[in-house]
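A.B. asks: Before I ask anything, here is the structure I am working with.
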Amino acid sequence: MVAGILAGTVAAAVFAAGGGAAGDGAAHCYRVWAEGQFAPPSAFVPSPAITYDMDLVPAASWIGVEQRGKPGGMTFTLRVNGLKAGYAYGAHVHQKPCGAEPTAAGGHYQHRVDPVQPSKDPAYVNPRNEVWLDFTTDPDGSGKASARHGWEFRPGGAGSVVLHREQGGAGDRVACFTVPFAPRA
């Protein structure tokens, strides 16, 4: 099933494959692919890929995010190009879609949710409980990261990938990409 093209700047697709007749216990696998070009929040044609810092994430730079999953686990791959060369970015899945303000995407998606928000406890803010896709761009401004988890998203719990100024759990938000992530099957 193809999710569609938004404003000519992003393509998103959800592919699902089942393993047999309903109710026979066969695994349901899925793949989500979304890509887009960054634009500032004030762009004439709105984009689900928003840059808040044109020095680090220039307009028209590109992002692609893939989510592959099956019951009990997911793998993520992030690819970018056209960003500032040789820079170490933080990247995480966030709770909500992007908006004109960097804070619109909410906090990091957490598999086990910290009861104290905003979350700062290392027991919750870590790459095992969150999806961390930190990367450093090469001399051409391209980068790639992957993460694997033995859990799946709660329905409606994940909405975007945010690029941060620093790697790890914190740092200013420099760009955001709304992604139609698949929840647990």
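A.B. asks: In whole percent, and with a 1.4 Å probe on the protein chains, what portion of the accessible area of the stretch 85-185 is carbon and sulfur? Before the final figure, lay out the partial values.
C.D. replies: On the way: 2500 of 4680 Å².
The nonpolar share, carbon plus sulfur, comes to 54 percent.
A.B. asks: Only loop residues by DSSP count here, and only those with at most 15 other Cβ atoms within 10 Å; note down the chymotrypsin sites (Phe, Trp or Tyr not before Pro) in the stretch 98-159 that meet that.
C.D. replies: Here the sparse-neighbourhood loop sites are W151.
A.B. asks: Now a separate question. Counting only heavy atoms of protein chains, what accessible area per residue, in Å², does the stretch 44-100 have with a probe of 1.4 Å?
C.D. replies: Working: 2280 Å² over 57 residues.
Averaged over the residues of the stretch 44-100, the accessible area is 40 Å².
A.B. asks: Right, another one. In a shell of Cβ-Cβ distance under 9 Å around F76, excluding F76 itself, what net charge do Lys and Arg (+1) and Asp and Glu (-1) give?
C.D. replies: On the way: positive: R68, R148; negative: E66.
Net local charge, F76 excluded: +1.
A.B. asks: Follow-up question, since we're still on this one. Enumerate the aspartates and glutamates that K120 could reach by cross-link, defined here as Cα to Cα under 19 Å, with residues fewer than 8 away along the same chain left out.
C.D. replies: Of all the aspartates and glutamates, those that pass the test against K120 - Cα under 19 Å, at least 8 places apart if same chain - are E130, D134, E166, D172.
A.B. asks: To the nearest Å, what is the center-to-center distance of the stretch 131-185 and the stretch 45-69, using C-alpha atoms only?
C.D. replies: 11
The values are calculated or read from the model by the stated rules, or taken from the named source; none is laboratory data. As the structure is a computational prediction, the values presented were derived from the model and not from experiment. Virtual Cβ from ideal backbone geometry, glycine too; neighbours counted across all protein chains shown. The accessibility values were calculated without ligands, DNA or RNA, using every heavy atom of the protein model including side chains. Shrake-Rupley method; radii C 1.70, N 1.55, O 1.52, S 1.80 Å.
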